[in-house]
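Written below as structure tokens is the structure these notes are about.
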Amino acid sequence: MATDDLFGAADEAEESTRGPRAPRPGAPLAARMRPRSLDEFRGQTHLLGEGKALRTMLERGSPSSMILWGPPGSGKTTLARLIAAESNTTFVPFSAVTEGIGRVREIIGEAAMRLEATGRRTILFCDEIHRFNKAQQDAFLPHVEAGTVTLIGATTENPSFEIVRPLLSRAPVFVLEALGGDDVAAILHAALDDRDRGLGTMELEVDDGVVEGLAEESDGDARRALGALEAAARLAGPGGRITREVAAEALQHRFAVYDKGGEEHFNVISALHKAVRGSDADGALYWLARMIEGGEDPLYIARRLVRMASEDIGLADPEALEVTLAARDAFHFLGPPEGELALAEATVYLALAPKSNRVYTAWKEARTAARESPGEGVPLHIRNAPTRLMKDLGYGSGYQYDPDTSSGVSGQSYLPDRLAGRRFYTPGRFGYEKTLAERIAWFDARRQEARDASS
């Protein structure tokens with residue numbers, strides 16, 4: 001019996017010393033084609049290239065705990081397995097989706113016994129680590145700190161939001177990128193040629209451009225691409241031909257990369273907002289379509305468009321607010337898909353409207369002033385005086401009704417004395433705000449004339 005059998009980890013120990021073990025018969029193509037060495041690993045050159053951080057760590061033979069953050073199919077699990085193999089370390093996989101903290105305690109107990117009995121270290125690979133709550137993540141800390149296990153966590157979610165800070169301080173984050181089209185195409189070609197693990201024995205013919213098309217449709221997800229290729233091979237049959245039509249049938253529907261509850265939700269709405277702000281109607285329409293195709297609530301989008309109308313267009317085009325509110329009502333009335341066109345119309349209108357955030361800035365400054373001077377009294381001349389006592393105390397004394405003055409503008413101030421002359425709103429140079437700037441200048445001149453006349 002192998003020593004590691006005592007700790008229930010003979011398979012993992014074998015995997016760590018001779019590379020990832022062969023997948024079981026009938027395993028999916030993506031599992032069969034999993035890279036067996038770093039030389040077979042595609043992509044992530046920013047981490048694994050010569051002199052890069054992760055490559056240097058592996059060459060030293062002592063990987064530390066880490067968090068691998070990247071999109072599906074970018075190689076997080078494979079890379080963790082290869083790190084264990086390269087460092088001659090026992091690899092114990094664990095899924096935060098299907099297993100609980102009790103299993104973690106078992107793994108850590110076995111790792112401690114293994115380390116004491118054989119000196120062999122253990123990599124605890126926690127897939128979907130973001131599924132653990134704060135208390136569960138905290139349970140890793142003392143064992144990572146003591147070196148009982150080397151933790152490699154994998155996540156598709158932003159660790160800044162999903163991983164507790166003490167764990168992040170002990171496990172640096174390595175960001176994996178979606179694979180490029182060339183890398184995915186190379187993986188597919190290797191699967192077609194490989195007679196031991198891939199589809200080589202099927203002697204398939206593949207039309208020009210099909211592999212590249214599957215690579216593009218995969219959105220950088222090698223697992224998805226290999227799954228589509230395997231389905232296409234089944235449709236074609238041994239000795240068959242994979243045409244564009246067969247590949248399209250295998251791929252079926254290409255789901256939008258969008259997570260309504262995760263980071264991608266905020267990334268895409270940010271892209272839509274910035275495209276509108278940058279007056280790029282095409283970019284704005286694309287990100288709007290990505291959200292709609294990803295299943296976002298259209299009324300959430302409508303609310304954001306209304307916000308853009310107030311925040312980024314403002315009084316440069318007062319009709320922008322009307323257009324967005326009308327789009328919200330139109331969608332509410334029509335529903336999808338017809339109502340989506342109203343959202344698209346409003347998006348294009350906002351993108352091409354003149355931009356001004358002057359009201360947004362003025363409102364922030366006014367609120368700041370209100371917080372800094374919460375006790376400033378209302379000037380007596382603009383106070384209400386509904387009772388005799390209040391009139392006797394000077395409430396409303398000296399108030400001038402502006403429309404009754406010769407110019408329609410009096411010289412009186414409407415701010416507390418401490419803030420007299422303070423300006424919050426200054427119109428921009430574009431759209432309707434040019435007219436507003438002229439009005440403000442005219443009002444200022446009339447007020448000054450009235451003050452000069454009364455002095």
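The values are calculated or read from the model by the stated rules, or taken from the named source; none is laboratory data. Remember, it's a predicted structure, so these values are computed and weren't measured experimentally. Cβ sites come from the backbone with ideal geometry, for glycine too, and all protein chains shown count toward neighbours. Calculation scope for accessible area: heavy atoms of the full protein, side chains included, ligands and nucleic acids excluded. Shrake-Rupley method; radii C 1.70, N 1.55, O 1.52, S 1.80 Å.
Cα centroid distance between the range 81-137 and the range 147-166, in Å?
Each part's Cα centre sits 13 Å from the other's.
Nearest 500 deg cm²/dmol is fine: what mean residue ellipticity at 222 nm does the chain get from its DSSP H runs of n ≥ 4 alone, each adding -39,500 (n - 2.57), divided by its residue count? Write down the numbers at each step before the final one.
On the way: 22 runs with 231 residues, N = 455.
That comes out to -15000 deg cm²/dmol.
Taking 0.36 nm per residue of separation and subtracting the Cα-Cα distance, what length does fully extending Glu205 through Glu372 add? The partial results should precede the final answer.
Details: separation 167, 0.36 × 167 = 60.12 nm, distance 7.49 nm.
So the chain would gain 52.6 nm between Glu205 and Glu372.
Compute, for the range 52-117, the length of the dipole vector about the Cα centre, with Cβ point charges of +1 (Lys, Arg) and -1 (Asp, Glu) only. Units Debye, rounded to 20. Don't jump to the answer; show the numbers that get you there.
Working: 8 positive and 6 negative charges, 49 e Å.
My answer is approximately 240 debye.
Can you give the convex hull volume per residue for the Cα atoms of the range 302-455, as a whole number of Å³?
Expressed per residue, the convex hull around the Cα atoms of the range 302-455 is 164 Å³.
Rg to Rh ratio, the range 330-372, alpha-carbon atoms and Kirkwood radius?
Looking at the range 330-372, the ratio lands at 1.31.
With +1 on each Lys and Arg Cβ and -1 on each Asp and Glu Cβ, and nothing else charged, work out how big the dipole of the chain is about its Cα centre, in Debye to the nearest 20.
1800
Compute the normalised compactness of the range 74-233: alpha-carbon radius of gyration over 2.2 N^0.38 Å, N being the residue count.
Taking N as the residue count of the range 74-233, the ratio is 1.26.
Give me the compactness ratio for the range 152-287, meaning the Cα radius of gyration over 2.2 N^0.38 Å. Don't skip to the end; give the middle numbers.
Working: Rg = 19.2 Å, N = 136, 2.2 N^0.38 = 14.2 Å.
My calculation over the Cα atoms of the range 152-287 gives 1.35.
Taking the structure as given and computing Rg/Rh (Cα atoms, Kirkwood Rh), which label from (i) 0.97; (ii) 1.04; (iii) 1.17 fits?
Entry (iii).
Report the paramagnetic label zone for Leu380: residues of the range 406-441 whose backbone N is under 20 Å from a point 7 Å from Cα along the Cα-to-Cβ axis.
411-421
Please identify the DSSP H helices in the chain that span no less than 30 Å along the helix axis (Cα) and have a mean Kyte-Doolittle hydropathy of 0.0 or more. Could the numbers behind the result be given before it?
Values: long enough: 433-454 (31 Å, -1.15).
Membrane-span-like by this criterion, though nothing is claimed about a membrane: none.
First compute the accessible area of the chain with a 1.4 Å probe, then give the percent of it belonging to carbon and sulfur atoms.
51
For the range 370-435, what are Rg and Dmax over the alpha carbons, in angstrom?
Calculated on Cα positions, Rg and Dmax stand at 15.8, 50 Å.
Can you give the FRET efficiency for Thr98 and Glu212, using 1/(1 + (r/R0)^6), R0 = 41 Å, r = Cβ-Cβ distance, to the nearest 0.05?
The value I calculate is 0.70.
Find the Cα radius of gyration of the range 32-135, compare it with 2.2 N^0.38 Å by division, and give the number to two decimals.
Numbers: Rg = 14.5 Å, N = 104, 2.2 N^0.38 = 12.8 Å.
So the range 32-135 has a normalised radius of gyration of 1.13.
Dimensions of the range 266-348 along principal axes (Cα, Å, largest first)?
The principal-axis extents, from largest down, are 31, 27, 19 Å.
Sort 313-320, 329-336, 367-374 by the packing proxy (mean of other Cβ within 10 Å over each peptide's residues), most packed first.
Per-residue mean Cβ counts within 10 Å order the peptides as 313-320, 329-336, 367-374.
Any idea of the accessible area per residue across the chain, 1.4 Å probe, to the nearest Å²? Please list the in-between numbers first.
Values: 24370 Å² over 455 residues.
Value for the chain: 54 Å² per residue.
What is the distance in Å between the Cα centroid of the range 309-327 and that of the range 402-433?
First find each Cα centre; the distance between them is then 23 Å.
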